[in-house]
Amino acid sequence: YVGKPLFVKNFKKIFISKKVRIFPGARIEVLDNNSSIIFEENISIAQNLHIISGGGQKLVIGKNTTISANVFITNIEHRYDEKDQHIMNQKLIVGDTQIGSNCFIGYGAVIQAGTILGKQCIIGSNAVVRGNFPNYSVIAGIPAKIIKRYDERINVWRKTNKNGDFIDEI
């Protein structure tokens, strides 16, 4: 299911698997013919997603992922170091961006270029996320940090410091 209205740029480079639901107001952009966006199986996306892939990279949304409303995901950003040049006229910075399987991305989150989410990560509402995050992490804040991780040794969710190290006693 893909709801209307929908804005798509470079449709031939967008790959949608089975059981993907994209609700109205999505903006899905692939900026060049060497880039792509891949939606794996069984993904549910609420209204007003904005996703951009460019710079010759693929951007992958893993299977069984849920994305809440008003989320932005990208693998590019603009340079800004040329002070007399408008930011939109400066070169792009490209970073590999991947969303693992079974993830949940909360309302209003921003997933920035260069973000790698492991499987079953949970992103808090309005989080601004950049970096590499291990499997089974709860990530929140601006800038986003790991606040909890699943300890597979003892099968419980535990509080962490910002680096993802466990801080509570077992």
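The values are calculated or read from the model by the stated rules, or taken from the named source; none is laboratory data. Just so you know, these numbers come straight off a predicted model, no measurement behind them. Note: ideal-geometry Cβ built from the backbone for every residue, glycine included; neighbour counts use all protein chains shown. Heads up: the accessible areas ignore ligands, DNA and RNA and are worked out on the full protein's heavy atoms, side chains in. Shrake-Rupley method; radii C 1.70, N 1.55, O 1.52, S 1.80 Å.
Listing for the model above:
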| read-out | value |
| --- | --- |
| Sites Leu6 and Asp81 - FRET efficiency at Förster radius 41 Å, r taken between beta-carbons, to 0.05 | 0.70 |
| Spacing of the two label points (7 Å from each Cα toward its C-beta) at Asn135 and Val156, in nm | 2.1 nm |
| Per residue accessible area of the chain, 1.4 Å probe, in Å² | 55 Å² |
| With DNA, RNA and ligands ignored, accessible area of Ser125 (1.4 Å probe; Å², nearest 10) | 80 Å² |
| The chain - charge dipole about Cα centre, Lys and Arg +1 at Cβ, Asp and Glu -1, debye rounded to 20 | 440 debye |
| Inter-label distance, nm, simple model (7 Å from Cα along the C-beta direction), Asp168/Arg27 | 4.0 nm |
| Which of Asn34, Ser68, Gln90, positive extreme of dipole for the chain (C-beta unit charges) | Ser68 |
| Total charge dipole magnitude, the range 1-70, about the Cα centre, Cβ charges on Lys, Arg, Asp, Glu only, Debye to nearest 20 | 180 debye |
| Highest-first arrangement of 114-123, 41-50, where packing means the average Cβ count within 10 Å | 114-123, 41-50 |
| Three-way shape label, the range 22-74, alpha-carbon gyration tensor, a/c 1.5 | oblate |
| For the range 43-54, Karplus couplings with θ = phi - 60° (6.51, -1.76, 1.60), whole Hz, Gly/Pro x | 10, 10, 10, 6, 5, 6, 5, 10, 9, 10, 10, x |
| Violating pairs (Cα-Cα greater than 27 angstrom) within the set Lys18/Lys145; Lys4/Lys119; Lys119/Lys162; Lys119/Lys159; Lys18/Lys162 | Lys18/Lys145; Lys4/Lys119; Lys18/Lys162 |
| Relative contact order of the range 50-170, pairs being alpha-carbon contacts under 8 Å that are 6 or more residues apart, as % | 17 percent |
